[in-house]
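Below is one structure, written out as structure tokens, with a few remarks after it.
The values are calculated or read from the model by the stated rules, or taken from the named source; none is laboratory data. Owing to the predicted nature of the structure, the values given are computational and were not obtained by experimental measurement. Here the Cβ positions follow ideal geometry from the backbone for every residue, glycine too, while neighbour counts run over all protein chains shown.
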Amino acid sequence: MLRVLIIAALQTLAFAKPSLTYFGIAGRGEVARLYAAVGGVDIVDSTYTDGYKTKTPIGYLPALLHPEAGLFPNCTFAFGCLQESLAVERYIANLSPKFAALSFQERAVDDMIAQIKEDLIQVEPATKTTNKSAAAAIVAPLYDRYLAVLEKDGYVPATGFINGKAFPTGADLALLVFVKSGFPYGKALKNAGYDIANKFPKVEALAVRTMQYPLVDTYLAHSKTFYANDAAEGL
């Protein structure tokens, strides 16, 4: 009986539709969107953020509710939503059999590189200056520190994806976001004149492979957030 109840609960989670709210940029919300796209998880992707930064405990993070599954059914953004980037990403990933089947070690690698994405959000001030030297002073120390480790310490493979799967996992998706998306990463990189392809060719090549994966390619072709290059409300 318990096994039947567990299976029923998982089916409810799988077929209900979680609702993600975040600004209309890549930022901290894009990896969750990519998890849904690659994992076959149908979500409501809302960029309606009226009052978002004042009504949420931490107004710059993606918020998730999943009322059909009993997760935050009364979410009004006032202390009632799942609101932390990696937690939102992991929740959506776990709704997909493809990602839920990953080992603990593979998930740890995914979360580690997702955290690099969080740390690199610190380049956001470089989006506000047209002074190349000033932008480079912000961008270069951060990107040099993290991408050198990814490039040289064996995390980024010469072929395929980071966890050795036939599909990109969270590690590849996070890397794609901080290498190729628009705001804040891409805009900061452009303002700083920072050339990832020249400095870290393996990282660049992995980002390109991830973009070319069919489900990612389809998502990017229709996404209004991945390449968005400005944010009126900030992050």
Q: Output the residue which, of all residues in the range 3-59 that are over 19 Å from residue 221 (Cβ atoms) and charged (D, E, K, R), is modelled with the lowest pLDDT.
A: 3
Q. Considering only the range 171-204, how many residues are touching a residue at least 24 places away in the same chain (Cβ under 8 Å) and assigned to a loop (DSSP other than H, G, I, E, B)?
A. 4
**Q.** Number of the condition not met by residue 108 [criteria: (1) over 19 Å from the mean Cα position of the chain (by Cα); (2) without any contact (Cβ under 8 Å) to a residue 12 or more places away in the chain; (3) in a helix (DSSP H, G or I)]
**A.** (1)
Q | the range 144-162: number of residues that are part of a helix (DSSP H, G or I) and acidic (Asp, Glu) | A | 2
Q: Would you mind finding the one in 125, 141, 168 that is out of contact with any Gly (no Cβ under 9 Å at 6 or more places or on another chain) and not in a helix (DSSP H, G or I)?
A: 168
Q.
Checking residue 157 against (1) surrounded by fewer than 18 Cβ atoms within 10 Å (Cβ to Cβ); (2) under 17 Å from residue 226 (Cα atoms): exactly one of these is not met. Which one?
A. (2)
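Would you confirm whether any residue within the range 209-219 is of a type in the set (A, V, I, L, M), in contact with a Phe, Trp or Tyr (Cβ under 8 Å, 6 or more places away or on another chain) and surrounded by 24 or more Cβ atoms within 10 Å (Cβ to Cβ)? Explain how you work it out, then say what you get.
Initially, the range 209-219 is screened for residues of a type in the set (A, V, I, L, M), giving 211, 215-216.
Cutting the leftovers down to in contact with a Phe, Trp or Tyr (Cβ under 8 Å, 6 or more places away or on another chain) gives us 215.
Okay, now just the ones that are also surrounded by 24 or more Cβ atoms within 10 Å (Cβ to Cβ), so none.
Looking for residues that are of a type in the set (A, V, I, L, M), in contact with a Phe, Trp or Tyr (Cβ under 8 Å, 6 or more places away or on another chain) and surrounded by 24 or more Cβ atoms within 10 Å (Cβ to Cβ), one finds none in the range 209-219, hence no.
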Q | Index of the failed condition, residue 78 passing every other in (1) of a type in the set (A, V, I, L, M, F, W, C); (2) modelled with pLDDT under 95; (3) in contact with a Leu (Cβ under 6 Å, 6 or more places away or on another chain) | A | (3)
